[in-house]
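Shown next, in structure tokens, is the structure this report addresses.
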Amino acid sequence: MNAVVAYLDVAATTRVEPRVADVVLRWMTEDFGNAGSRTHEYGARAKKGVHEAREFIARTVGAKTEELIFTSGATESNNIALLGLAAHGEKTGRRHIITSAIEHKAVIEPLLHLQEKGFEVDFLKPGPSGRISKESVLEKLRDDTLLVSLMHVNNETGVIQPVAELANVLRKTSTFLHVDAAQGYGKVPDDLKAPIDLISISGHKIGAPKGVGALVVRRRGWDKVPLEPIMFGGGQERKLRPGTLPVPHIMGLFEAAKIFQEGQPRWERAAREMRERLLTALGKTRFHINGDAEHAVPHILNVTFDGLNAEALIVRLKNQVAIATGSACTSASYTPSHVLMAMGLPEDVATNGLRFSWFPGQVADFGPEELAETIAHMQPEAS
């Protein structure tokens, strides 16, 4: 890849921070013990490291150490949270679930599986703002509602959902709240300290390696969320997630979370400055923002350019910037975005939405003015 290409696709994945890479390497080559080995010092050091990581990451969301389990990422965490509650729903006759039509496929597809098993799932649509209102969720709430699953930050538009407000209301009911926080963890930290029952975390969105994440399973007083495992083969991770713990990856997530927590205020300011630079530069083009910019994270911007095909634009810009049409799981198909379609946007807008997402320190040489110039030259004359 050309070294001058600016990477503006951090919503898909981030570069591993050099400090994180050093930590991962150390736990691969020096302190390489199995955290489950109890008979020697290598295992003891690994176990101690994992405990410290668990304690810190749980604390970042206001949870207790024992309320966090490590997983391979947010997709696995989502599956454990959603499918793991199914048996309880069947036993209690609570088979109703509320979610949104703008969720990541890692939530939609497990819920479609539950729908096939007899669960009733309401997929709420947000309207053009891209934001599900608390009131629209509560209007659908019933006595047999087992779960509300609502993402923290939308991966395509960057719009922040009202998960903290919902948590404070649902905590007074028997309905559990699950939040896919893959995009929001670390970036909007206070929201996740609300009394959310289940939180899915992804490491590779904050500079950790791919293949590690976590699931917070928060107690309600003395009561545990009645999850059952969906995989079997060992007692690791509170008997909810079997398998040898990937200690190097966990320690990488630990280090990345520390770095992000330390630098979050600076990161947010710089991300907002980059957003303003980009929007100012794009002022010479004809575009509109998809989603409510007043309730969005500072580092994700979804736009559609009048008269331009997204696929052609990505190809034209490939030597300047790395960008995407939306979710990395579906963008290769160039079909209309299910998120933008659910917002009620026209099909040509939903097909041609482009997502810019950045970490300021990783695009220091990026010049949005040059990018805007290229786009402006491609646009047809306004009619």
Notebook entry, point to check: Which residues, counting only those in segment 81-108, are part of a helix (DSSP H, G or I) and closer than 30 Å to residue 345 by Cβ?
Noted result: 81, 82, 105, 106, 107, 108
Next item on the list: State whether the residues of segment 343-363 include one that is without any contact (Cβ under 8 Å) to a residue 60 or more places away in the chain, under 18 Å from residue 299 (Cβ atoms), in the same structural domain as residue 274 (by TED's automatic domain parsing) and out of contact with any Cys (no Cβ under 9 Å at 6 or more places or on another chain).
Entry: yes
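Matching residues to (1) over 18 Å from the mean Cα position of the chain (by Cα); (2) hydrophobic (A, V, I, L, M, F, W, C); (3) surrounded by fewer than 20 Cβ atoms within 10 Å (Cβ to Cβ); (4) under 27 Å from residue 130 (Cβ atoms):
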site	(1), (2), (3), (4)
204	no, no, no, yes
207	no, no, no, yes
236	yes, no, yes, no
247	yes, yes, no, no
270	yes, yes, yes, yes
Check: Looking at residue 49, is it at pLDDT 95 or above, assigned by TED's automatic domain parsing to the domain that holds residue 124, small (Gly, Ala, Ser) and not in a helix (DSSP H, G or I)?
Finding: no
Checklist line | Residues of segment 360-372 classified as touching a Ser or Thr at 6+ places or on another chain (Cβ under 9 Å) and surrounded by 15 or more Cβ atoms within 10 Å (Cβ to Cβ), total | finding: 3
Note to self: Looking at (1) in contact with a Phe, Trp or Tyr (Cβ under 9 Å, 6 or more places away or on another chain); (2) under 30 Å from residue 89 (Cα atoms); (3) part of a loop (DSSP other than H, G, I, E, B), which one does residue 201 not meet, given that it meets all the others?
What the structure shows: (3)
Next item on the list: Can you tell me which residue among 253, 240 is of a type in the set (A, V, I, L, M, F, W, C), surrounded by fewer than 21 Cβ atoms within 10 Å (Cβ to Cβ) and not assigned by TED's automatic domain parsing to the domain that holds residue 359?
Entry: 240
Next item on the list: Inspect segment 157-173 for any residue being surrounded by fewer than 24 Cβ atoms within 10 Å (Cβ to Cβ), under 26 Å from residue 126 (Cα atoms) and without any contact (Cβ under 8 Å) to a residue 12 or more places away in the chain and give the result as yes or no.
Entry: yes
Check: Which one of the conditions (1) polar (S, T, N, Q); (2) in contact with a Gly (Cβ under 7 Å, 6 or more places away or on another chain); (3) within 22 Å of residue 352 (Cβ to Cβ); (4) surrounded by fewer than 20 Cβ atoms within 10 Å (Cβ to Cβ) does residue 304 fail to meet, given that it meets all the rest?
Finding: (4)
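The values are calculated or read from the model by the stated rules, or taken from the named source; none is laboratory data. Note that the coordinates shown come from a computational prediction; the quantities given were computed from them, not determined experimentally. We place every Cβ from the backbone using ideal geometry, glycine too, and count neighbours over all the protein chains shown.
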